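The values are calculated or read from the model by the stated rules, or taken from the named source; none is laboratory data. What you see is a predicted model; the values in this text were computed from it and never measured. Note: ideal-geometry Cβ built from the backbone for every residue, glycine included; neighbour counts use all protein chains shown. Quick note on the areas: whole protein, heavy atoms, side chains included, nothing else; ligands and nucleic acids left out. Shrake-Rupley method; radii C 1.70, N 1.55, O 1.52, S 1.80 Å.
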Amino acid sequence: MQFLVSSTSLLKQISIASTVISNSSSMPILENFLFTIKEDELIISATDLETSIEISLEVQAKSEGIIAVPAKMLLDTLKNFPEQPLTFFVNKERNLVEISSMQGQYELAFLDGRDFPEIPKVESEDTIKIPAQPLLSAYNHTLFATGNDDLRPIMTGVYSEFSPNGTTFVATNAHKLVRYKREDINSTEEAAFTLPKKPINVLKSILSSKEEELTLTYNANNAFFELENIRLTCRFIEGKFPNYNAVIPQDNPNKLYIDRATLVNSVKRVAVFSNKTTNQVEFALTNNMLELKAEDLDFSNKADEKIQCQFDGDFNIAFDSKFLLELLQNITSDEIVIEMSQPSRAGIIRPAGEQEDTNEDVLMLIMPIMV
C-alpha cells in the first residue's frame with residue numbers, strides 16, 4: 001500500500017475527522033484513523049461508535065489496502081509541515097507506515113484495519129435535501145440551550161421536526177428553551193428525532209464554510225449527512241422529547257420592548273452583585289422604565305439600574321441572569337420583545353421588528369425565579 005498526497009489537503013481532512021475521536025475510549029483501535037485506499041481515492045474514517053465520519057480525498061496511489069493509523073501522532077506531525085507532497089508507504093514486514101517528506105523520513109506503527117469497527121450504512125430511502133447555511137443557523141440558535149443532565153439524556157440534544165411546511169428545531173434544559181422554525185428546510189415526509197451535541201458540533205465546523213445543499217438520510221436509529229466528500233453518521237438519542245408546546249404560554253399581555261445590547265450590558269453589570277447561587281436579577285417595570293435589581297444578602301452586595309424601554313403598566317418578575325444572558329446573546333435582532341403573563345410563568349423572548357432572514361421564526365423561553 002503506497003500513495004502520494006498533499007500535506008495541507010490531508011491535514012485539513014484529518015482535522016475534521018479528529019473531532020469525532022473520543023479521548024477516553026476503552027478501545028485502542030478507536031484512537032486511530034482508518035485509511036482505505038481504493039484506486040486513486042483515500043477514505044479517512046473515524047468513529048466513537050456513536051458518531052462516525054468518512055472523508056474521501058484524491059491521492060496518487062500505487063496499490064490498495066486498509067490500515068489504522070494513530071490519529072494524534074499523525075495530526076501533530078502534519079501540523080508542522082509546509083505545503084508539500086508526502087509519500088506514505090506501508091511496510092507490512094516491519095508493521096510500520098513510512099512517511100517521506102522534503103525534510104526527512106518518519107515511521108509510525110499501525111494497526112490492522114480489519115479490526116476497525118464497521119461504519120453504519122444507509123438502509124433507508126428517506127432523504128431530505130437541506131441548504132447548508134440555514135441548517136447552520138438553526139444549530140447556532142439552539143445548541144447552546146441543550147442540557148447536560150445525564151439522567152435526562154433526551155434533553156442533551158437538539159430535537160428536529162421535519163414536515164412539508166418547514167422544520168422546527170428545539171433545545172431545552174428545563175430552565176430555558178429555544179424553538180427555531182425555518183420555512184426553507186422542509187421534507188415531503190414528516191419525521192422527528194433528537195441529535196446529540198457531538199455530531200451537531202462536527203456538522204457546525206463542516207458547514208461554516210459551505211454554501212451547498214447537504215443530503216440527510218435517516219432510518220429508525222441513525223442519521224446520515226452527506227456533503228461533497230464528507231459523510232457523517234450519528235445515532236439518535238433514544239426517548240420521547242418533552243412536549244415543548246405545552247410549556248409555551250400563549251396569552252402574554254405584558255410586553256416589554258427594549259434594545260437588546262442595552263439590556264445585555266445592564267444585566268451584566270447588575271448581575272455582578274447577585275447571589276452566586278441563584279444569579280437572580282429582578283425586573284421592576286413601570287411605564288416605559290425598567291429597573292434592574294440584584295442583591296446578595298450574605299455579603300451585603302446590592303445594585304440597581306434604570307433603563308428606558310417601551311412598556312405600559314406595572315409588573316415585577318425575576319430571572320436567572322446567567323440563563324437570560326445566554327438567550328440574549330444568541331438572538332441577532334437589535335430590538336427584542338419580552339412577553340410575560342404572570343411573575344410565576346415563563347417569559348418569552350422574540351426579535352422585534354422586521355428580520356433580515358424572513359424564513360426563520362425564533363422563540364426563546366426562560367423560566368422565572370420566585371421573588
_Could you check region 130-148 and list, in sequence order, the residues that are polar (S, T, N, Q), closer than 14 Å to Lys197 by Cβ and in contact with a helix residue (DSSP H, G or I) (Cβ under 8 Å, 6 or more places away or on another chain)?_
Asn140, Thr146, Asn148
*So, of the residues in region 10-46 that are in a strand (DSSP E or B) and open to solvent by 30 Å² or more (accessible area, probe 1.4 Å), which turns out to be nearest to Leu232 (Cα to Cα)?*
Ile43
*What about Ser321, is it open to solvent by less than 80 Å² (accessible area, probe 1.4 Å) and touching a Pro at 6+ places or on another chain (Cβ under 6 Å)?*
no
*Looking only at region 261-309, which residues are of a type in the set (S, T, N, Q) and within 34 Å of the chain's Cα centre (by Cα)?*
Thr262, Asn265, Ser266, Ser274, Asn275, Thr277, Thr278, Asn279, Gln280
_Leading residue by the ranking (nearest to Glu161 (Cα to Cα)) among those in region 189-210 that are exposed (fewer than 12 other Cβ atoms within 10 Å of the Cβ) and touching a strand residue (DSSP E or B) at 6+ places or on another chain (Cβ under 8 Å)_ = Glu190
*Can you run down the residue pairs with Cβ atoms below 9 Å, 6 or more apart or on separate chains, where the first is in region 277-292 and within 9 Å of Asn316 (Cβ to Cβ) and open to solvent by 50 Å² or more (accessible area, probe 1.4 Å) and the partner is part of a strand (DSSP E or B) and small (Gly, Ala, Ser)?*
none
*Mind checking which strands (runs of 3 or more DSSP E) fall wholly inside region 151-238 and carry at least 2 residues that are of a type in the set (Ser, Thr, Tyr) and within 17 Å of the chain's Cα centre (by Cα)?*
158-163, 166-172
*Does Phe88 satisfy being touching a strand residue (DSSP E or B) at 6+ places or on another chain (Cβ under 9 Å), of a type in the set (Phe, Trp, Tyr), touching a residue at least 40 places away in the same chain (Cβ under 8 Å) and open to solvent by less than 80 Å² (accessible area, probe 1.4 Å)?*
yes
_Matching residues, region 47-76, being open to solvent by less than 20 Å² (accessible area, probe 1.4 Å) and outside any strand (DSSP E or B)_ = Val59, Ala71, Leu74
*Would it be correct to say that Arg260 is of a type in the set (D, E, K, R) and touching a helix residue (DSSP H, G or I) at 6+ places or on another chain (Cβ under 8 Å)?*
yes
*Are there any pairs, at least 6 apart or on different chains, whose C-beta atoms fall under 7 Å, with the first in region 236-252 and within 12 Å of Val170 (Cβ to Cβ) and the second of a type in the set (D, E, K, R) and not in a helix (DSSP H, G or I), and if so, which?*
Tyr244/Arg179
*Could you list all residues from region 91-113 that are open to solvent by less than 60 Å² (accessible area, probe 1.4 Å) and either of a type in the set (Gly, Ala, Ser) or not in a strand (DSSP E or B) (or both)?*
Ser100, Ser101, Gly104, Ala109, Phe110, Gly113
*Does any residue in region 165-177 that is within 16 Å of Arg345 (Cα to Cα) come within less than 7 Å, Cβ to Cβ, of a residue that is open to solvent by 10 Å² or more (accessible area, probe 1.4 Å) and assigned to a strand (DSSP E or B) six or more places away or on a different chain, and which pairs are these?*
His175/Asp320
